[in-house]
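Asks: Before I ask anything, here is the structure I am working with.
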Amino acid sequence: MAAPLTLLLIVAVTIRAVLFRSSLADLISERVEVVSPLNAWKRVVEGLALLDLGVSPYAGDVFHETPLIIYFFHFVIDYAEIVFMMADALTAVALYIAVKDYNKIVFRKQKYALEANRYPLNCQQLFRTPKEMYYIPLKVAMFYLLNPFTILSCVAKSTCGLNNAVIALFILCTIKGSALMSAIFLALATYQSIYPLTLFAPALLYLLQRLYIPVNWRRPSFWLFTTQYAFMYLGSLCVMVCLSFFLLSSWDFLSSVYGFILSVPDLTPNIGLFWYFFAEMFEHFRLFFICVFQINVFFYTIPLSIKLKEHPFFLIFMQIAIISIFKSYPTVGDIALYMAFLPAWNHLYRFLRNIFLVSVVLLACSALFPVLWHLWIYAGSANSNFYYAITLLFNVAQILMVSDYFYAYLRREHHLTHGLYLKRKDGSEATLVLK
């Protein structure tokens with residue numbers, strides 16, 4: 001598989017290099033679907049200019065990236081295009097290795113369960129085969145590298161690509177069972193944008209499962225490992241925050257980065273749910289609804305962790321998707337990361353109910369974004385309601401897709417336990433309903 005992956009990387013880098021040298025690069029870097037006030041490259045450049053002048057990059061209201069990012073680009077600014085292409089390649093390779101290792105674990109568990117006769121006799125068609133799973137890692141890498149959303153994000157030099165690389169490395173280290181490296185990369189992802197905090201629960205569940213430690217509140221081994229992992233995570237996060245303070249000799253970055261993410265003061269249009277709602281919001285209701293909207297990202301972690309405690313890798317996918325949909329400043333680069341995992345769930349396709357409709361809606365919305373933006377901003381024949389309507393439809397389609405995969409996953413697990421053909425007590429055919 002090394003040769004196809006190498007060829008894929010060469011093709012992906014070539015496409016990006018051509019677009020970097022084309023006239024489209026400047027146009028893409030201005031698209032509100034591709035960049036946000038948090039990760040726009042022009043804001044990084046302005047922050048670097050302020051830093052070179054001896055002024056804090058957080059003195060104004062322009063730069064909202066973390067201090068480590070600005071100091072990183074301070075040394076590699078001349079090689080920025082190479083950095084973003086390498087970040088995409090690193091993300092793809094990390095996802096490739098992670099999914100490959102995960103598939104080995106899944107197949108091994110399936111083999112042991114078959115030997116122990118744990119599956120009903122009529123479930124053979126639900127079993128996963130080595131031939132079916134062989135090309136999945138390559139498809140995952142392909143879905144990420146050749147996704148137009150990923151390419152646009154890279155060409156725009158959005159720092160979202162770096163965040164995706166960190167999350168991919170966190171997933172790889174978690175799958176490999178390295179608790180320390182998993183905690184460090186999770187801390188780095190949280191340091192970048194707060195929301196990956198919700199990935200703590202699935203990572204902990206996966207590592208506990210890998211070490212054969214049951215999730216039992218009464219077991220000392222459970223509390224011991226949980227404490228150790230939490231200490232490594234919080235310790236790494238504290239080191240990064242303190243390092244940022246020593247670099248700047250100021251705590252200004254806390255309000256400029258994390259305060260900006262949570263309070264959403266910049267209402268520049270994007271593909272998220274916040275901007276239009278809070279543009280129309282009365283000021284005295286603002287704090288309440290900010291809390292309601294922000295809680296959305298974190299609220300689902302506990303119930304999903306309880307429901308999927310035996311399936312932490314799928315829980316990671318669910319949490320990344322929820323972050324991409326409900327975060328305050330989303331871009332298409334965020335969506336590309338969780339969409340890369342879709343080939344890993346190809347065994348769920350038979351149980352998906354709305355995948356054709358959702359796919360068509362997502363494609364139509366992606367095509368209509370620039371059209372409605374042009375009609376609103378340049379032609380003047382539309383208004384913000386048109387653009388927000390297509391944004392709302394885009395997010396509803398994502399929610400339907402994620403919930404459909406959730407239903408399909410639970411349904412397959414139910415069939416593996418109770419049989420493929422469900423019967424009522426009277427012998428008639430039963431229908432499975434997700435509640």
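The values are calculated or read from the model by the stated rules, or taken from the named source; none is laboratory data. Every value quoted in this text rests on a predicted model; they were computed, and no experiment measured them. A quick note on method: Cβ atoms are made from the backbone with ideal geometry, for glycine too, and the neighbour counts reach across all protein chains shown. Accessible surface areas use protein heavy atoms only, side chains included; no ligands, DNA or RNA. Shrake-Rupley method; radii C 1.70, N 1.55, O 1.52, S 1.80 Å.
Asks: Mind putting a number on the dipole of the chain about its Cα centre? Charges go on the C-beta only, +1 for Lys and Arg and -1 for Asp and Glu, and I need it in Debye to the nearest 20.
Replies: Details: 31 positive and 23 negative charges, 463 e Å.
Rounded to the nearest 20 debye, it is 2220 debye.
Asks: Round to the nearest 10 and report in Å² the accessible area of Met142, as given by a 1.4 Å probe over the protein chains' heavy atoms.
Replies: 80
Asks: Obtain the nm distance between the two label points defined at Ala279 and Val239 by a simple spin-label model: each point lies 7 Å from its Cα along the Cα-to-C-beta direction.
Replies: Taking the two extended label points, one gets 4.3 nm.
Asks: List the relative contact order of the range 285-435 as a percent without decimals, with contacts defined as Cα pairs under 8 Å and 6+ residues apart.
Replies: RCO, the range 285-435: 20 percent.
Asks: Report ³J(HN,Hα) in whole Hz for each residue of the range 272-277, in order, from the Karplus equation J = 6.51 cos²θ - 1.76 cosθ + 1.60 where θ = phi - 60°; Gly and Pro get x.
Replies: The phi angles translate into x, 9, 7, 4, 6, 4 Hz.
Asks: How do the peptides 135-141, 254-260 rank, highest first, by the average count of neighbouring beta carbon atoms within 10 Å per residue?
Replies: So the peptides 135-141, 254-260, ranked by packing, come out 135-141, 254-260.
Asks: Read phi for every residue in the range 351-356 and hand back ³J(HN,Hα) as whole Hz from Karplus 6.51 cos²θ - 1.76 cosθ + 1.60, θ = phi - 60°, with x for Gly and Pro.
Replies: 9, 6, 9, 10, 5, 5
Asks: Order the peptides 374-385, 161-172, 311-322 from the highest to the lowest mean number of other Cβ atoms within 10 Å of their residues.
Replies: Packing proxy ranking, top to bottom: 161-172, 311-322, 374-385.
Asks: Probe radius 1.4 Å, ligands and nucleic acids ignored: give me the carbon and sulfur share of the accessible area of the chain as a rounded percent.
Replies: Numbers: 14120 of 20650 Å².
Within the chain, the accessible surface is 68 percent carbon and sulfur.
Asks: Name the residues of the range 115-150 whose amide N is less than 14 Å from a point 7 angstrom out from the Cα of Lys104 along the C-beta direction?
Replies: 134, 137
Asks: Give me the one-decimal nm value for the distance between modelled label points at Gln125 and Tyr300, 7 Å along each residue's Cα-to-Cβ direction.
Replies: 3.0
Asks: Also, quick follow-up: Counting heavy atoms of the protein chains only and a 1.4 Å probe, report the per residue accessible area for the chain as a whole number of Å².
Replies: Per-residue value: 47 Å².
Asks: With r defined as the distance between the Cβ atoms of Phe231 and Ala379 and R0 fixed at 60 Å, what FRET efficiency is calculated, to the nearest 0.05?
Replies: Using R0 = 60 Å, I get an efficiency of 0.60.
Asks: ³J(HN,Hα) across the range 81-87 via Karplus (A = 6.51, B = -1.76, C = 1.60, θ = phi - 60°), whole Hz, x for Gly/Pro?
Replies: 4, 5, 4, 5, 5, 5, 4
Asks: Please give the peptides 184-192, 288-296, 364-372 ranked by average Cβ packing (other Cβ atoms within 10 Å per residue), highest first, as a rough proxy for protection.
Replies: Going by the mean number of other Cβ atoms within 10 Å, highest first, we get 184-192, 364-372, 288-296.
Asks: If the label point is 7 Å along Cα→Cβ of Ala113, which residues in the range 392-408 have backbone nitrogen under 20 Å from it?
Replies: 405-408
Asks: Something else now. Computed from the coordinates I sent, Cα extents along the principal axes in Å equals one of [x] 63, 56, 47; [y] 73, 54, 53; [z] 73, 54, 45. Tell me the label.
Replies: This structure yields the entry labelled [y].
Asks: Moving to a separate point now. Given an 8 Å cut-off on Cα distances and at least 6 residues of separation, report the relative contact order of the chain as a percent.
Replies: In percent, rounded to a whole number, it is 20.
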